[in-house]
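Below is one structure, written out as structure tokens; comments come after it.
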Ligand SMILES: [Zn+2]
Ligand SMILES: [Zn+2]
């Protein structure tokens with residue numbers, strides 16, 4: 001199969017012929033129809049998040065099952081999967097919390113990912129999600145990482161005021177979902193394009209003060225601090241953006257956390273078990289992840305889209321989705337590509 005491969009951290013990402021993956025026991029092989037290009041892929045390529053080399057990036061995919069050793073998923077099923085795949089056997093997976101499974105796998109990180117014609121999903125019964133016909137592959141590729149993460153980060157609402165720090169894919173997803181829930185959403189981002197995209201989705205741009213819930217969708221010492229400082233008494237900070245390198249040890253104002261009784265929580269995606277309400281909202285048209293897609297490119301160009309994230313300001317403001325031009329199948333009803 002064709003895949004985009006890099007042999008060295010920060011090295012060229014080249015289209016190569018590699019061996020088709022084998023279907024693991026209990027798993028499935030998915031023919032990738034569309035795959036998102038995410039800042040997490042960029043972190044891995046830049047060496048901030050260790051991956052085995054040579055490596056195929058990509059973790060936000062939708063496609064069709066082509067091999068299956070699963071009871072619930074058959075060849076031909078249209079599917080997507082969360083970026084964290086649980087083992088399917090531990091207590092966390094059995095209680096619906098595969099997103100924190102200690103034996104998790106992550107296509108595009110712990111194994112070859114979806115910048116390829118095919119990708120492997122282990123424990124398919126735990127990790128695959130059926131896609132209704134109303135959701136096309138491009139929209140579904142925009143769901144699996146950033147949209148689902150945003151959906152779950154807002155749990156515990158409804159919220160009156162929401163602050164979002166960082167308006168990339170996950171931040172804009174938060175904006176769209178929170179606005180749909182009736183919240184007043186304040187967007188914070190240094191990029192004018194990202195702010196404009198947030199405003200387009202219903203956010204306002206102003207200093208966030210006394211908000212109910214603040215979400216650091218970027219992941220840095222500065223944005224985490226600003227997020228905690230923006231909360232009202234009893235408010236909730238959700239850390240969604242990955243804290244890597246030095247930011248992993250970023251200090252927080254614990255005096256405020258105690259005196260204001262703030263809640264600080266991490267959010268690591270969303271398990272497949274929690275997808276159905278979100279899938280229903282998307283299928284009904286109430287939420288439309290396709291609005292977050294800034295650009296659709298062919299799979300062969302996904303590497304260039306990834307390396308372009310070296311300049312986060314210039315490339316901000318929405319999701320790039322690559323479609324598998326080699327599959328010969330239609331990607332969605334509106335695709336011009
Ligand atoms: Zn992602
Ligand atoms: Zn598990």
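So the values come out like this:
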read-out: Residue 8, sole failed condition from (1) part of a loop (DSSP other than H, G, I, E, B); (2) free of Cβ contacts under 8 Å to residues at least 40 places away in the same chain; value: (2)
read-out: Options 154, 172; residue that is outside the structural domain of residue 22 (by TED's automatic domain parsing), within 16 Å of the chain's Cα centre (by Cα), more than 16 Å from ligand 1 (Cβ to nearest atom) and under 29 Å from residue 203 (Cα atoms); value: 154
read-out: Strands (runs of 3 or more DSSP E) within region 258-326 that include 1 or more residues under 17 Å from residue 134 (Cβ atoms); value: 293-298
read-out: Matching residues in region 79-92 - criterion: being away from ligand 1 (no atom under 16 Å from the Cβ) and either closer than 14 Å to residue 149 by Cβ or without any contact (Cβ under 8 Å) to a residue 60 or more places away in the chain (or both); value: 79, 87, 89, 90, 91, 92
read-out: Qualifying residue in region 50-68 (condition: in contact with a helix residue (DSSP H, G or I) (Cβ under 6 Å, 6 or more places away or on another chain) and either free of Cβ contacts under 8 Å to residues at least 40 places away in the same chain or within 16 Å of ligand 2 (Cβ to nearest atom) (or both)); value: no
read-out: Residue 104 being buried (at least 16 other Cβ atoms within 10 Å of the Cβ) and within 24 Å of residue 287 (Cα to Cα); value: no
read-out: Output for region 38-61, where each listed residue is buried (at least 21 other Cβ atoms within 10 Å of the Cβ), modelled with pLDDT of 95 or more, in contact with a strand residue (DSSP E or B) (Cβ under 6 Å, 6 or more places away or on another chain) and part of a loop (DSSP other than H, G, I, E, B); value: 56, 58, 59
read-out: Helices (runs of 4 or more DSSP H) wholly inside region 113-205 that include at least 2 residues being within 16 Å of ligand 2 (Cβ to nearest atom); value: 124-127
read-out: Residue among 86, 10, 96 that is surrounded by 18 or more Cβ atoms within 10 Å (Cβ to Cβ), within 30 Å of residue 220 (Cα to Cα) and assigned by TED's automatic domain parsing to the domain that holds residue 295; value: 86
read-out: Residue 234 at pLDDT 95 or above and surrounded by fewer than 15 Cβ atoms within 10 Å (Cβ to Cβ); value: yes
read-out: Index of the failed condition, residue 159 passing every other in (1) within 24 Å of residue 220 (Cβ to Cβ); (2) within 16 Å of ligand 1 (Cβ to nearest atom); value: (2)
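The rows are residues; the columns are (1) over 27 Å from residue 17 (Cα atoms); (2) over 16 Å from the mean Cα position of the chain (by Cα); (3) at pLDDT 95 or above.
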{"position": "95", "(1), (2), (3)": "yes, yes, yes"}
{"position": "119", "(1), (2), (3)": "no, yes, yes"}
{"position": "149", "(1), (2), (3)": "yes, no, no"}
{"position": "167", "(1), (2), (3)": "yes, no, no"}
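The values are calculated or read from the model by the stated rules, or taken from the named source; none is laboratory data. From a predicted model like this one, the values you see are computed outputs, not experimental measurements. In this analysis, Cβ positions are derived from the backbone assuming ideal geometry, glycine residues included, and neighbour counts consider all displayed protein chains.
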